[in-house]
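What follows is calculated from the coordinates using simple rules that are stated; it is not laboratory data. As the structure is a computational prediction, the values presented were derived from the model and not from experiment. Cβ: placed from backbone, ideal geometry, glycine included. Neighbour counts: every protein chain shown.
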Amino acid sequence: MTFVLPRTAKQSQYTGLPEDVRARLHERLKMVVPADPAETRLDSSQPSGLPDGPEVQAGKAIVQMVNVDKTYPNGSKALDRVSLTINQGDFLFVTGPSGSGKSTLLKLLYGYERPSDGELLVDNEPIASLKGNRLAMMRRRIGVVFQDYKLIPRRTVSENVAFVLWAQGFTRKEIHRRLWPTLKMVGLQGKAQCFPDELSGGEQQRVSIARAVVNTPPLLLADEPTGNLDVDNSMQVIKILKKLNSIGITVVVTTHDEHLVRMSNHPVVQLKHGRLRYLKR
Ligand code: ADP
């Protein structure tokens, strides 16, 4: 088993973040347990409850796709010559009707599916050709959120979130240091001991976001994260994703919700029959 050394405050210099944000993040590193664990509202006073953010080099590509095709073994063509560059620190919406290729695009980015043709680099790695341990290491640098949450039913909220860190060899101390700020960031520290079936859909989705970002990956992929949620919960989820983006996490969100996209001031690409075009840059 390969163990990953946890990042320390010293290692993460929050490169590229404004001075005041860096100072506040640094302050967060001192926090281990919230003063009032019963508090469950979203903590909007901070850019993020995470102990640290990834290093960001503005203008440096984190995703590069050139003429990528994806045809499934049954002959179904999901992506058709898709070219897309996403830079570190971007927040991108991918929209399009059901069946247009949105999930396939994300599956290629986290290495669940392979492209049939074309070039694909994620975080400078040709993810399409990675296998075994190298693919597993690469996936650790990508957080993924799904429409149906995919939480472990017989594990509490904190166990669901901590499990990722435990599996990656983080020390108990580091797990503790990361867990509470992350739960606080999604407004769930008061639900830490609940099981998934004791939570609302919105709360379950917030647990899945916490799980996806507790190890501060540089890239977060969210596949229809608001697909099962009402308007208020959807807005809350988007607010959290924006907060994560503000500390330097690159965020790619798929949605078929026109309303969400219209309200956003972020770039939007649209997929239609597997072809991609920019709706808003
Ligand atoms: P979206 O996320 O926009 O709904 P998908 O990426 O799931 O679109 O699907 C794009 C196309 O690829 C659809 O025609 C779908 O039927 C097909 N497809 C998706 N996954 C598979 C698969 N595992 N095997 C065969 N065809 C698939």
> Once both labels are modelled 7 Å past Cα along the beta-carbon direction, what's the Asp197-Tyr72 spacing in nm?
Replying inline: 3.0
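Arg277 to Lys150: FRET efficiency via 1/(1 + (r/R0)^6), r the Cβ-Cβ distance, R0 30 Å, to the nearest 0.05?
E between Arg277 and Lys150, to the nearest 0.05, is 0.50.
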> Taking neighbour counts of Cβ atoms within 10 Å as a proxy for exposure, in what order, fewest first, do Met138, Met65, Met263 appear?
Replying inline: Met263, Met138, Met65
> If you average the sequence gap of Cα pairs under 8 Å that are 6 or more apart and divide by the length of region 19-280, what percent do you get for the contact order?
Replying inline: 30
> Considering the alpha-carbon set of region 19-280 alone, what are its Rg and its Dmax in angstrom?
Replying inline: 18.0, 56
> If we count other beta carbons within 10 Å of each Cβ, what is the order of Trp166, Trp180, fewest first?
Replying inline: Trp166, Trp180
> Can you sort Leu260, Leu121 so the residue with the fewest Cβ neighbours within 10 Å comes first?
Replying inline: Leu121, Leu260
>> Give the separation of the Cα centroids, region 76-140 to region 213-234, in Å.
In response: 17
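Residues with beta-carbon under 10 Å from that of Phe163, excluding Phe163: net charge, scoring Lys, Arg +1 and Asp, Glu -1?
Overall, the nearby charge balance is +1.
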> How would you classify region 67-137 from its alpha-carbon gyration tensor, with a ≥ b ≥ c the square roots of the eigenvalues: rounded for a/c under 1.5, else prolate if a/b is greater than b/c, otherwise oblate?
Replying inline: oblate
